[in-house]
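Engineer: Below is one structure. I have some questions about it.
The values are calculated or read from the model by the stated rules, or taken from the named source; none is laboratory data. Here the structure is a predicted model, which means the values were calculated and not measured. All Cβ positions, even for glycine, are placed from backbone atoms using ideal geometry, and neighbour counts span all protein chains on display. Protein only, heavy atoms only, side chains kept; ligands, DNA and RNA dropped before computing areas. Shrake-Rupley method; radii C 1.70, N 1.55, O 1.52, S 1.80 Å.
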Amino acid sequence: MPAFDLAVTTRRELNAALHALPANTNETHWHVANPEGAHALAAGVNAPVTIEIDGHAGYYCAGMNQLATVIVNGNVGVGVAENMMSGRVHVKGDASQAAGATAHGGLLVIDGNASARCGISMKGVDIVVKGSIGPMSAFMAQAGNLVVLGDAGEALGDSLYETRIFVRGAVKSLGADCIEKELRPEHEEILTKLLLDAGVEGVSPQEFRRYGSARGLYNFHVDNASAY
Amino acid sequence: MCGIVGLFLKDPALEPDLGRLLADMLVVMTDRGPDSAGFAVYGGGDAGHLKVTVRGPRLDEVEDALAGIARAVRRDTHLVLSFAVSLEEQVRGWLALHRPDLVVTGSGQRIELYKEVGLPRQVADRFALPAMAGTHGIGHTRMATESAVTTDGAHPFSTGRDQCLVHNGSLSNHRSLRRRLEREGLSFVTDNDSEVAAGYISWRLREGDSLTTALEAGLEDLDGFYTFVIGTENGFAVMRDPISCKPAVMAETDRYVAFGSEYRALVGLPGIEQARIFEPEPAHAYVWERN
């Protein structure tokens with residue numbers, strides 16, 4: 001198992017080694033010690049390997065991830081898994097702002113809380129937050145699912161497109177064009193699968209409420225012309 | 001971009017280490033602000049004496065001229081003058097008459113305030129920050145975006161006795177706010193927007209606000225992006241704008257409250273592994289005060 005101690009080796013050496021991995025590598029389990037909040041750890045990985053980070057990571061951890069599983073035994077800074085394409089990112093602690101921003105695919109699991117703008121402009125990623133999310137989450141979110149076991153902050157789903165938002169706790173307020181929608185069987189199916197994938201037990205899909213776009217901002221209304 | 005840090009000690013046993021801990025936090029934030037750096041430390045002092053930090057050239061001359069009435073401690077380009085409160089008019093009068101070129105960076109019972117152009121490590125070492133003791137301190141590393149790289153533009157800003165502020169962000173209504181504050185009798189040394197924010201808080205405190213209500217009033221009156229860290233003689237406060245545009249992370253233990261623009265800045269603090277790590281909420285005034 002390759003091990004990197006960032007107290008000894010540089011982050012650039014770590015990332016260069018990860019970027020050099022071929023798809024059929026036998027070095028499938030990587031271990032990173034002493035991250036001390038460094039930025040861009042395991043960003044841009046494109047190989048089916050597992051990278052375990054022991055401690056807190058800084059900004060853009062596992063950004064642009066493809067295929068890899070990145071596990072952080074700690075908190076992460078701004079933009080964890082931003083623009084992830086596939087794979088899995090699991091944060092055992094809390095996440096800072098813009099978790100999963102613009103991500104197209106894969107699964108982001110956050111065991112703790114995520115702060116402001118979680119899932120901003122998400123484009124197909126699935127995000128499961130076991131705690132609560134901060135204000136302005138899922139702003140302009142386009143596709144994918146955002147599942148929150150705790151509460152959501154102000155202006156949830158402002159200017160939302162087609163992302164589905166599921167919240168189990170309280171929602172402080174909904175953003176423009178975001179409304180509560182009926183939780184139908186097909187949504188319960190999506191929830192059941194995501195909860196299972198995220199390792200959540202003892203929580204029923206019926207405990208969630210679904211929010212989505214009222215689709216009122218999709219087209220320009222001539223009646224609003226005077227507003228510009 | 002800028003880096004800001006702050007450390008407020010609850011455990012007196014850590015006071016001899018304040019400067020060392022703060023210096024390390026400041027240096028980690030070099031990536032966010034390599035142009036200049038500054039810091040304020042709340043060290044020793046008593047109610048009968050005033051400490052005035054001045055910055056400028058030919059400080060020996062000041063030391064000699066005021067030798068009879070003020071004790072002077074020289075640190076590189078700064079001089080801290082300590083004297084009985086009753087002599088304030090005399091000292092300030094001498095400075096105004098003989099050395100109008102000097103800048104008073106801060107004054108109060110306990111505050112000392114230093115700032116210079118250069119890498120944070122160099123600035124910390126020039127003023128021997130690691131050896132300073134105190135109860136709390138705040139610091140700033142600057143990456144100038146809207147005005148020149150000058151010592152005047154470096155933070156912290158002090159606009160009232162034992163008060164200081166560091167700011168990450170930019171204010172858009174600082175011109176109009178400055179005029180309003182000038183009508184209220186405040187004066188400003190620089191054209192910097194952050195100095196206006198400091199002046200605003202000083203004005204609110206002067207008008208009888210608590211640190212909490214002063215900051216809450218600021219949510220209405222300050223337009224722009226900001227994360228502020230503020231020091232007073234016995235207090236330490238943090239506030240972020242309503243959309244939390246600028247980063248902030250805090251750590252609290254039984255021994256201290258610490259602020260950093262990024263978690264990295266907090267890594268070297270004692271017992272950080274057990275600390276409660278959290279991000280301050282937007283539009284919420286966080287205040288800690290010593291009794």
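Engineer: From the residues B:Gly185, B:Gly106, B:Leu7, which one has its Cα farthest along the dipole of chain B in the positive direction, the dipole being from +1 and -1 charges on Cβ of Lys/Arg and Asp/Glu about the Cα centre?
Structural biologist: About the Cα centre, the residue reaching furthest to the positive side is B:Gly106.
Engineer: In whole Hz and in residue order, list the ³J(HN,Hα) couplings for the range B:32-45 that follow from phi through the Karplus curve 6.51 cos²θ - 1.76 cosθ + 1.60, θ = phi - 60°; x for Gly and Pro.
Structural biologist: Rounded to whole hertz, the list is 8, x, x, 6, 7, 8, x, 7, 10, 10, 9, x, x, x.
Engineer: Report the residue, chosen from A:Phe166, A:Phe139, A:Phe208, that carries the largest GNM mean-square fluctuation when chain A is represented by alpha-carbon nodes joined by springs under 10 Å.
Structural biologist: Highest fluctuation of the listed residues: A:Phe208.
Engineer: Which value, in debye to the nearest 20, gives the size of the charge dipole of the protein assembly as shown about its Cα centre, when Lys and Arg are +1 and Asp and Glu are -1 at the Cβ?
Structural biologist: Numbers: 46 positive and 65 negative charges, 72 e Å.
So the magnitude is around 340 debye.
Engineer: Run lengths n ≥ 4 of DSSP H only: what is the helix-derived mean residue ellipticity at 222 nm for chain B, with -39500 (n - 2.57) per run over all residues, to the nearest 500? Mind dumping the intermediate values first?
Structural biologist: Details: 7 runs with 71 residues, N = 291.
Here the helix-only value at 222 nm equals -7000 deg cm²/dmol.
Engineer: What are the extents of the Cα atoms of the range A:1-100 along their three principal axes, listed from largest to smallest and rounded to whole Å?
Structural biologist: 34, 30, 20
Engineer: While we're on this one: How much of the calculated P(r) for the range A:1-44 lies past 17 Å, in percent of all Cα pairs? Please list the in-between numbers first.
Structural biologist: Values: 246 of 946 pairs.
Tail of P(r) above 17 Å: 26 percent of Cα pairs.
Engineer: Taking amide H atoms as placed 1.01 Å from N in the peptide plane, list the residues 5 or more away in sequence, or in a different chain, whose amide H sits under 5 Å from that of B:Arg75.
Structural biologist: Amide H to amide H, under 5 Å and 5 or more residues apart or across chains, B:Arg75 pairs with B:Val80.
Engineer: What residues from the range A:48-87 fall in the zone where the backbone N is under 17 Å from a label point 7 Å along the Cα-to-C-beta line of A:Ala17?
Structural biologist: A:48-55, A:62, A:69-71
Engineer: Excluding ligands, DNA and RNA, what is the accessible area buried between chains A and B, summed over both sides, using a 1.4 Å probe, to the nearest 100 Å²?
Structural biologist: So the total buried area for this chain pair works out to about 1000 Å².
Engineer: Along the positive direction of the dipole of chain A (beta-carbon charges: Lys, Arg +1; Asp, Glu -1; about the Cα centre), which of A:Gly55, A:Cys118, A:Ala68 reaches farthest?
Structural biologist: The residue sitting most towards the positive pole is A:Cys118.
Engineer: If you don't mind, there's one more thing I want to ask. Over all directions, average the projected area of the Cα convex hull of chain B and note it in nm².
Structural biologist: Working: hull surface 55.4 nm².
Averaged projected area of chain B's Cα convex hull equals 13.8 nm².
Engineer: In deg cm²/dmol and to the nearest 500, what is the mean residue ellipticity at 222 nm of chain A if only DSSP H runs of at least 4 residues count, each as -39500 (n - 2.57), divided by the residue total? Please report the intermediate quantities before stating the final value.
Structural biologist: Values: 2 runs with 22 residues, N = 228.
Theoretical 222 nm ellipticity from helices: -3000 deg cm²/dmol.
Engineer: Can you tell me which of B:Ala37, B:Ala248, B:Ala70 moves the most in a GNM of chain B? Springs connect C-alpha atoms under 10 Å apart.
Structural biologist: Maximum among the listed residues: B:Ala70.
Engineer: Let me know the volume per residue of the alpha-carbon convex hull for the range B:107-207, in Å³.
Structural biologist: Details: hull volume 10.4 nm³, N = 101.
Output value, Cα hull per residue: 103 Å³.
Engineer: If r is the Cβ-Cβ distance from A:Asp197 to A:Lys92 and R0 is 25 Å, what FRET efficiency results, to the nearest 0.05? Working shown, then result.
Structural biologist: Numbers: r = 16 Å, r/R0 = 0.64.
Step by step, r from the Cβ atoms, then E = 0.95.
Engineer: What is the ratio of the Cα radius of gyration of the protein assembly as shown to 2.2 N^0.38 Å, where N is its residue count, to two decimals? Walk me through the numbers before you get to the answer.
Structural biologist: Values: Rg = 25.6 Å, N = 519, 2.2 N^0.38 = 23.7 Å.
In units of the globular-protein estimate, the protein assembly as shown measures up at 1.08.
Engineer: Find the relative contact order for chain A and round it to a whole percent, using C-alpha pairs within less than 8 Å whose residues are 6+ positions apart. It would help to have the intermediate numbers written out before the result.
Structural biologist: Details: 731 pairs, mean separation 22.0, N = 228.
Reported as a whole number, the value is 10 percent.
Engineer: With 16 Å as the cut-off, how large is the P(r) tail for the range B:73-124, expressed as percent of Cα-Cα pairs?
Structural biologist: On the way: 670 of 1326 pairs.
So the portion of pairs separated by more than 16 Å is 51 percent.
Engineer: Also, quick follow-up: Suppose all protein chains stay in the model; what accessible area per residue would a 1.4 Å probe give for the protein assembly as shown, in Å²? Walk me through the intermediate numbers first.
Structural biologist: Details: 21010 Å² over 519 residues.
Normalised by residue count, the accessible surface of the protein assembly as shown is 40 Å².
Engineer: With N denoting the number of residues in the range B:210-291, provide Rg(C-alpha) divided by 2.2 N^0.38 Å, to two decimal places. Write down the numbers at each step before the final one.
Structural biologist: Numbers: Rg = 13.0 Å, N = 82, 2.2 N^0.38 = 11.7 Å.
Ratio of Cα Rg to 2.2 N^0.38 Å: 1.11.
Engineer: Let me know the volume per residue of the alpha-carbon convex hull for the range A:3-218, in Å³.
Structural biologist: Measuring per residue, one finds 101 Å³ for the Cα hull of the range A:3-218.
Engineer: What is the distance, in nm, between label points placed 7 Å from the Cα along the Cα-to-Cβ direction at B:Arg290 and at B:Glu207?
Structural biologist: Distance between the two pseudo-spin positions: 3.0 nm.
Engineer: Pairs A:Lys172/A:Lys193; B:Lys51/B:Lys246; A:Lys92/A:Lys193; A:Lys130/A:Lys172: which exceed 23 Å Cα-Cα? Don't skip to the answer; put the middle values down first.
Structural biologist: Values: A:Lys172/A:Lys193 27 Å; B:Lys51/B:Lys246 33 Å; A:Lys92/A:Lys193 20 Å; A:Lys130/A:Lys172 17 Å.
Over 23 Å apart, Cα to Cα: A:Lys172/A:Lys193; B:Lys51/B:Lys246.
Engineer: Something else about it: Using θ = phi - 60° and the Karplus relation 6.51 cos²θ - 1.76 cosθ + 1.60, list the HN-Hα couplings for the range A:126-142 in order, rounded to whole Hz, with x at every Gly or Pro.
Structural biologist: My calculation for the range A:126-142 gives 9, 10, 10, 10, 7, x, 10, 10, x, x, 6, 6, 6, 5, 6, 6, 9 Hz in order.
Engineer: Also, quick follow-up: With +1 on each Lys and Arg Cβ and -1 on each Asp and Glu Cβ, how big is the dipole of the range A:3-218 about its Cα centre, in debye rounded to the nearest 20?
Structural biologist: 360
Engineer: Let me ask something else about it. Quick check: at a probe of 1.4 Å, how many percent of the accessible area of the range A:3-218 sits on carbon and sulfur atoms?
Structural biologist: On the way: 4310 of 8440 Å².
For the range A:3-218, the apolar C and S fraction of the accessible surface comes to 51 percent.
Engineer: In a GNM of chain B with a 10 Å cut-off on Cα contacts, which of B:Ala128, B:Ala237, B:Ala65 has the highest mean-square fluctuation?
Structural biologist: Per the Cα network of chain B with a 10 Å cutoff, B:Ala65 tops the list.
Engineer: For B:Ile243 and B:Asp31, FRET efficiency with R0 = 35 Å and r from the beta-carbon atoms, rounded to 0.05? It would help to have the intermediate numbers written out before the result.
Structural biologist: Values: r = 24 Å, r/R0 = 0.68.
Rounded to the nearest 0.05, the efficiency is 0.90.
Engineer: Collect residues whose amide H, placed 1.01 Å from N in the peptide plane, falls under 5 Å from the amide H of B:His49; neighbours closer than 5 in sequence don't count.
Structural biologist: Result for B:His49 returns B:Val85.
Engineer: Same structure again: Grab the beta carbon distance between B:Glu184 and A:Asn24, set R0 = 41 Å, and tell me the FRET efficiency rounded to 0.05.
Structural biologist: 0.05
Engineer: Given H placed 1.01 Å from N in the peptide plane, which residues other than close sequence neighbours of B:Met132 have an amide H under 5 Å from its amide H?
Structural biologist: Amide H neighbours of B:Met132, under 5 Å, 5+ apart: B:Gly19, B:Arg20.
Engineer: Shifting gears a bit: Each residue of the range A:169-184 in order: what ³J(HN,Hα) in whole Hz does its phi give by Karplus 6.51 cos²θ - 1.76 cosθ + 1.60, θ = phi - 60°, with x for Gly and Pro?
Structural biologist: x, 8, 10, 5, 6, 9, x, 4, 6, 9, 10, 7, 10, 5, 8, 8
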